[in-house]
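Just below is one structure, and these are the notes that go with it.
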Amino acid sequence: MGPAATLEALLKERVGQLVGSELRAIEDEISGALDSPVPLIREMGGYIAGAGGKRLRPILLLLSARMAGYRGPR
């Protein structure tokens, strides 16, 4: 494993320790919002939600809130 991969793994682990449960709650909300009785909409929503890069903003929000001292359910 190269230095970049090692750093990435370390960051993922540390972020998971800090905001993992809150991030899972956000992902559950997103999944619920994308639920639809229309199969095509469900399929497209799953594709969009599963694509990379959709977690950075929620992670930054959660980390910023924590740095500002916020500790709440939402």
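The values are calculated or read from the model by the stated rules, or taken from the named source; none is laboratory data. A quick note: this is a predicted structure, and the numbers were derived from the prediction, not measured. Reconstructed Cβ throughout: ideal geometry from the backbone, glycine too, with neighbour counts over all protein chains shown.
If you check 40, 23 for being free of Cβ contacts under 8 Å to residues at least 24 places away in the same chain, at negative phi and hydrophobic (A, V, I, L, M, F, W, C), only one passes: 40.
Looking for something modelled with pLDDT of 90 or more, under 10 Å from the mean Cα position of the chain (by Cα) and part of a helix (DSSP H, G or I) - is there at least one such residue anywhere in region 60-72? Yes; the residues of region 60-72 include at least one that is modelled with pLDDT of 90 or more, under 10 Å from the mean Cα position of the chain (by Cα) and part of a helix (DSSP H, G or I). Among the residues of region 16-45, those identified as more than 10 Å from the chain's Cα centre (by Cα) and surrounded by 13 or more Cβ atoms within 10 Å (Cβ to Cβ) are 18, 34, 42, 44, 45. Checked against (1) among the aliphatic types (A, V, I, L, M); (2) in contact with a Lys or Arg (Cβ under 8 Å, 6 or more places away or on another chain); (3) more than 30 Å from residue 70 (Cα to Cα), residue 48 passes all but condition (3).
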